[in-house]
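J.: This structure is in structure tokens; I'll ask about it shortly.
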Amino acid sequence: MKRNSIGLDKEKSLKLSGELNVLLANFQQYYQSLRGIHWNIKGKRFFDLHVKFEELYDDANTKVDEIAERILTLGGVPYHTFADYSANTRVPVGKDITQDEQAIRLIVDSLTELLILERELLDSSDDANDEGTNSMMSDFITEQEKTVWMMKAWLDEEI
């Protein structure tokens with residue numbers, strides 16, 4: 001088994017970087033959807049939601065950078081084209097969303113998909129003995145589960 005300079009199996013690291021690229025593509029789509037709902041939201045809850053959506057897209061932008069840097073750390077090359085993002089995304093695309101409930105539903109549905117991807121990565125990073133990726137996924141999952149709970153509470157729905 002060949003190891004890279006951070007002590008991980010090279011083959012497993014490259015496989016993980018590929019899985020992280022899929023997560024990166026999905027986060028980029030999520031980020032774009034958040035920007036869209038931030039810009040286009042209307043109604044009586046505009047002021048509260050406009051601020052909340054900005055908070056969420058700032059967080060997503062930070063996570064995009066963290067994912068890309070982890071891919072590089074593992075020896076991969078992060079996706080950086082819209083074509084790559086489109087070809088690898090599973091999160092819903094939010095287009096022309098102006099209503100509050102529709103926007104919140106988009107966030108919940110997107111985070112649900114991201115959580116599925118992150119849990120898959122958690123299994124893969126555990127198998128590769130990659131504590132760095134494992135820790136990042138654990139942190140993402142903890143934050144996003146709480147956001148889903150809050151959004152579902154806002155929608156008056158059970159988790």
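J.: Would you order 152, 12, 146, 2 from fewest to most other beta-carbon atoms within 10 Å of each residue's own beta-carbon?
T.: Going from least to most buried by this count: 2, 146, 152, 12.
J.: Structure shown: which of 52/146; 15/95; 42/152; 12/146; 15/152 lie over 25 Å apart, alpha-carbon to alpha-carbon?
T.: As for pairs spanning more than 25 Å Cα to Cα, those are 15/95; 12/146; 15/152.
J.: Sticking with this structure for a sec: So if we plug the beta-carbon distance of residue 95 and residue 72 into 1/(1 + (r/R0)^6) with R0 = 35 Å, what FRET efficiency do we get, rounded to 0.05? Let's see the in-between values first.
T.: Details: r = 31 Å, r/R0 = 0.90.
For R0 = 35 Å, the calculated efficiency reads 0.65.
J.: If you find the alpha carbon centre of the range 23-94 and of the range 117-158, how far apart are they in angstrom?
T.: Here the answer is 16 Å between Cα centres.
J.: Still on this structure, I have one more. For residue 145 and residue 80 in one chain, what is 0.36 nm times their gap in residues minus the Cα-Cα distance, to one decimal in nm?
T.: Using 0.36 nm per residue and subtracting the Cα-Cα distance, I get 20.7 nm.
J.: Could you check the spin-label model distance between residue 42 and residue 54? Points 7 Å from the Cα along Cα→Cβ, value in nm.
T.: According to this spin-label approximation, the distance is 2.1 nm.
J.: Which is farthest toward the positive dipole end of the chain among 57, 7, 39, measuring Cα position about the Cα centre, with Cβ charges +1 (Lys, Arg) and -1 (Asp, Glu)?
T.: Toward the positive end, the furthest listed residue is 39.
J.: Can you give the three extents of the C-alpha atoms in the chain along their principal axes, from longest to shortest, in whole Å?
T.: 59, 32, 21
J.: Listed highest first by mean packing, meaning other Cβ atoms within 10 Å per residue, what order do 94-102, 14-22 come in?
T.: Details: 94-102: 14.7, 14-22: 19.7.
Highest-to-lowest ranking by the protection proxy: 14-22, 94-102.
J.: Determine, from the Cβ-Cβ distance of residue 158 and residue 65 and an R0 of 30 Å, the FRET efficiency 1/(1 + (r/R0)^6), rounded to the nearest 0.05.
T.: Calculated transfer efficiency: 0.30.
J.: Also, quick follow-up: Would you order 135, 110 from fewest to most other beta-carbon atoms within 10 Å of each residue's own beta-carbon?
T.: If I rank by nearby Cβ atoms, fewest first, I get 135, 110.
J.: Here is a further query. Tell me the mean residue ellipticity at 222 nm calculated for the chain from its helices only (DSSP H runs of n ≥ 4, each -39500 (n - 2.57), averaged over every residue, nearest 500).
T.: -26000 deg cm²/dmol
Computed from the coordinates by the stated procedures, all read-outs in this text should not be read as laboratory data. Keep in mind it's a predicted model, so treat the numbers as computed, not measured. Counting neighbours? That spans all protein chains shown, and the Cβs are built from the backbone with ideal geometry, glycine included.
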